[in-house]
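The values are calculated or read from the model by the stated rules, or taken from the named source; none is laboratory data. It should be emphasised that the depicted structure is a prediction, and the values quoted were computed from it without experimental measurement. Methodologically, a virtual Cβ is constructed for each residue, glycine included, from the backbone with ideal geometry; neighbour enumeration extends over all protein chains shown.
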Amino acid sequence: MANQQYEKMQLRQNYRNLWHTDLMSTIQADPPYCCLALWCGPCVSYMLRKRALYNDMSRYVCCAGYMPCSGRCGESKCPEFCLATEVFLCFGNSVASTRFLLQDEFNIQTTQCDNCIIGFMFCLSQIACIFSIVAMIVGSEELSEASQILSCLSDMVYCSVCACMQTQHKIEMDKRDGKFGPQTVMSVPPAQQMSRLDQPYPPTAGYPPPAYGQPAGYPPPAYGQPGGYPPAGYPPAGYPPAGYPPTGYPK
C-alpha cells in the first residue's frame with residue numbers, strides 16, 4: 001500500500017495540466033462559494049466529493065482510497081453516512097482526498113505558488129504546536145500568549161486555504177461539466193509540406209529563390225524551348241563548316 005501511494009506521488013510530478021484557477025485567484029473567480037466554503041467547510045466538502053464521484057455514491061471509498069483506512073470502514077453499506085463522518089471528523093483529509101481524486105482524473109499538477117501556500121499552512125501549524133508545547137513546559141505567560149496568537153493565526157490560515165482549495169475544486173468541476181460553455185477546440189496546426197517523389201517539384205515555402213535568375217517554374221524549360229538548353233543561337237551559324245566531314249570519310 002505504501003509503495004502504491006509513493007508511486008502515485010511520483011506520477012503526479014509528471015502531470016502537465018493545470019488547475020483552471022490557482023489558489024490566489026479563487027476569491028476573485030467565485031467569491032460567494034469561497035465564503036460558503038469558509039463558513040461551512042464540511043458541508044461543502046461533502047457536496048464536492050459527491051460531485052467528484054459523478055453523484056454515484058456506490059463508488060465512494062473513505063478518503064478516496066488514499067488513506068490506510070480506505071475500504072475498511074464499511075463504506076459499501078452506508079456510503080452517505082461514512083462520507084458525512086469523514087468530512088466532519090477528518091475535514092482536512094477529506095479536502096485533500098478530493099483534490100488528489102481530481103488531480104489523478106485530469107492529470108493536474110500543483111503549481112509552485114500553490115505548493116508554497118500549502119507548505120506555509122503546514123509549517124505555521126507545526127510552529128504553533130511547538131510553541132504551545134514549550135509554553136506548557138516552561139510555564140511562561142509570554143510564551144503562552146505567543147502560542148495562543150500563533151494558534152489563532154494558524155487556524156485562520158488553515159480555514160482560508162481550505163476554503164480556497166474547495167473553491168478551486170468546484171471551479172474545476174464546473175469546467176469538467178461544461179458550465180463555462182462549450183470547450184474551445186484548439187485549431188489543428190497545418191500539416192507540414194514535405195518533398196515527395198510523386199510531386200513534380202518541391203514546395204516553394206521556406207525554400208530559397210531559384211538560382212542564377214531562373215524564373216519561378218522550376219524545373220527549367222524543356223530542351224529547345226526559349227530559356228531552355230541549348231541556349232538560343234547555338235550552334236553558331238556556319239558550324240560545322242561546309243564540306244565537313246570530307247568525302248570518303250568512313251562513317
(Q) Quick check on residue 44: is it without any contact (Cβ under 8 Å) to a residue 24 or more places away in the chain and β-branched (Val, Ile, Thr)? (A) no
Q. Going through region 65-88 one residue at a time, which ones are at pLDDT 90 or above and in contact with a helix residue (DSSP H, G or I) (Cβ under 9 Å, 6 or more places away or on another chain)?
A. 79, 80, 82, 83, 84, 85, 86, 87, 88
**Q.** Failed item, numbered, when residue 76 is tested on (1) over 23 Å from residue 40 (Cα atoms); (2) within 29 Å of the chain's Cα centre (by Cα); (3) polar (S, T, N, Q)
**A.** (2)
Q: Return yes when residue 76 is exposed (fewer than 14 other Cβ atoms within 10 Å of the Cβ) and either part of a helix (DSSP H, G or I) or small (Gly, Ala, Ser) (or both) and no when it is not.
A: yes
Q: Could you tell me which numbered condition residue 68 fails, if it satisfies all but one of (1) over 21 Å from residue 165 (Cβ atoms); (2) touching a residue at least 40 places away in the same chain (Cβ under 8 Å); (3) of a type outside the set (Ser, Thr, Tyr); (4) surrounded by 14 or more Cβ atoms within 10 Å (Cβ to Cβ)?
A: (4)
Q) Which one of 95, 87, 134 is among the β-branched types (Val, Ile, Thr), surrounded by fewer than 18 Cβ atoms within 10 Å (Cβ to Cβ) and assigned to a helix (DSSP H, G or I)? A) 134
Q) Since residue 156 meets every condition but one in (1) exposed (fewer than 13 other Cβ atoms within 10 Å of the Cβ); (2) at pLDDT below 90, which condition does it not meet? A) (2)
